[in-house]
1. Of the residues I72, I100, which single one is touching a residue at least 40 places away in the same chain (Cβ under 8 Å), open to solvent by less than 10 Å² (accessible area, probe 1.4 Å) and either among the hydrophobic types (A, V, I, L, M, F, W, C) or more than 16 Å from ligand 2 (Cβ to nearest atom) (or both)?
2. Being more than 16 Å from ligand 2 (Cβ to nearest atom) and surrounded by 14 or more Cβ atoms within 10 Å (Cβ to Cβ) is the filter here; which residues of region 54-69 pass it?
3. Considering only residues of region 8-53 that are β-branched (V, I, T) and open to solvent by 10 Å² or more (accessible area, probe 1.4 Å), which is nearest to ligand 2 (Cβ to nearest atom)?
4. Pairs under 7 Å by beta carbon, first residue among the aliphatic types (A, V, I, L, M) in region 176-192, partner within 16 Å of ligand 1 (Cβ to nearest atom) and part of a helix (DSSP H, G or I), six or more apart or different chains?
5. Please go through region 25-35 and pick out each residue that is touching a residue at least 24 places away in the same chain (Cβ under 8 Å) and outside any loop (DSSP other than H, G, I, E, B).
6. Just to be sure before I move on: is E201 farther than 30 Å from P17 by Cα and either touching a strand residue (DSSP E or B) at 6+ places or on another chain (Cβ under 8 Å) or open to solvent by less than 50 Å² (accessible area, probe 1.4 Å) (or both) in the structure I sent?
7. List every residue pair whose Cβ atoms sit under 9 Å apart, with the two residues 6 or more apart in sequence or on different chains, where the first one lies in region 242-253 and is open to solvent by less than 90 Å² (accessible area, probe 1.4 Å) and the second, anywhere, is assigned to a helix (DSSP H, G or I) and of a type in the set (K, R).
8. List, please: which pairs have Cβ atoms under 9 Å, are six or more places apart or on different chains, and start with a residue in region 36-47 that is among the β-branched types (V, I, T) and end with one that is near ligand 1 (Cβ under 6 Å from one of its atoms) and not in a loop (DSSP other than H, G, I, E, B)?
Amino acid sequence: MAHIQIQQLRVSYGSLPVLNDINLEIPDRQIVAIIGPSGCGKTTLLKSMNRLLDLNEDVSVTGSILLDGVNIYDPAMDVTCLRKRVGFLPQRPYPLPMSIFENVAFGPRIHGLSVLSAGGGGKQAEKSLVEHYLRLAGLWDEVKDRLDEPAAKLSIGQQQRLALARVLSIEPEVILADEPTSALDPVSAKLVETQFKLLKENYTIILVTHILRQARRLADYIVFLYMGDLIEHKPAAVFFSAPDDEKTKAYISGEIS
Ligand SMILES: Nc1ncnc2c1ncn2[C@@H]1O[C@H](COP(=O)(O)OP(=O)(O)OP(=O)(O)O)[C@@H](O)[C@H]1O
Ligand SMILES: [Mg+2]
């Protein structure tokens, strides 16, 4: 269980302000969709939550993001530990140049997960872990007979579920996903959506999407950004049926996109 509170968050790249005073509490174990027009700051907000923004040299971040009450921007924060608790699924899959099996086993080995170290680890423990995460990602049945093949041989839709298995394999509490289905065909996209719905029972999933229909299908909670401002955030049912703000109404109706 991880509780995220964003307080007075401001982000700029060089002299360009991108997020203005964002205050937001993320509900646990739900699918939260961050939506809004291109360039409004969705990816920036998502990446702020596990400090992936740090990779940009000219970025400036002020305010705080509390994870279970601890500010992740505190200089004392262990960023590796943070990124283990808050995993990130990018728009496109980048499988490691190794087998399907090795791709999933990699994370637990690096992080020395207790499951592996307990009882001396062992190949059998590792095999069952790999199966477990591939099942959670909805990929097991398609790959169980070809685990030793290079991951690059999988279709892009399968690779994206492999990427999900890799995120899950570090046992995060929160999954950040940036337009995770935008590179996929509709059938593969549906498979990823189905897994998200199953996973939300145990994880908090924060998803950026520019597809309103996907937000309607999947999200329990909506965060609507417009030009760096947080315009409205509320349970999805209320957001779509009774939005408060004129900009939200215009966005939902398709007047602005
Ligand atoms: N590394 C960067 N350096 C400078 N400006 C950036 C950088 N990354 C993003 N920006 C700018 O910050 C603003 C917000 O970008 P961001 O990627 O967060 O938007 P977005 O809502 O995810 O857009 P899209 O829907 O197109 O992915 C944009 O004006 C963008 O050009
Ligand atoms: Mg983006």
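1. Working: I72 fails: touching a residue at least 40 places away in the same chain (Cβ under 8 Å).
Of the residues listed, the single one that is touching a residue at least 40 places away in the same chain (Cβ under 8 Å), open to solvent by less than 10 Å² (accessible area, probe 1.4 Å) and either among the hydrophobic types (A, V, I, L, M, F, W, C) or more than 16 Å from ligand 2 (Cβ to nearest atom) (or both) is I100.
2. If we filter region 54-69 for residues that are more than 16 Å from ligand 2 (Cβ to nearest atom), which is where we start, we get 54, 57-58, 60-69.
Residues satisfying the conditions are S60, V61, G63, S64, I65, L66, L67.
3. Here is the first cut: in region 8-53, the ones β-branched (V, I, T) are 11, 18, 22, 26, 31-32, 34-35, 43-44.
Filter once more, so that each one left must be open to solvent by 10 Å² or more (accessible area, probe 1.4 Å): 18, 43-44.
Values: V18: 11, T43: 3, T44: 8 Å.
Among those residues, the one meeting the criterion is T43.
4. If the second residue must be within 16 Å of ligand 1 (Cβ to nearest atom) and part of a helix (DSSP H, G or I), the pairs left are L176/L46.
5. Within region 25-35, the subset touching a residue at least 24 places away in the same chain (Cβ under 8 Å) is 26-35.
Within region 25-35, I26, I31, V32, A33, I34, I35 qualify.
6. Numbers: farther than 30 Å from P17 by Cα: yes; either touching a strand residue (DSSP E or B) at 6+ places or on another chain (Cβ under 8 Å) or open to solvent by less than 50 Å² (accessible area, probe 1.4 Å) (or both): no.
It is false that E201 is farther than 30 Å from P17 by Cα and either touching a strand residue (DSSP E or B) at 6+ places or on another chain (Cβ under 8 Å) or open to solvent by less than 50 Å² (accessible area, probe 1.4 Å) (or both).
7. Qualifying pairs under 9 Å: P243/K249.
8. T44/Y13; T44/V18
The values are calculated or read from the model by the stated rules, or taken from the named source; none is laboratory data. Note that this is a predicted model, so its numbers are computed, not measured. Don't worry about glycine lacking a Cβ; one is built from the backbone with ideal geometry, like all the others, and counts go over all protein chains shown. Keep in mind that these areas ignore ligands, DNA and RNA; they rest on the heavy atoms of the full protein, side chains included. Shrake-Rupley method; radii C 1.70, N 1.55, O 1.52, S 1.80 Å.
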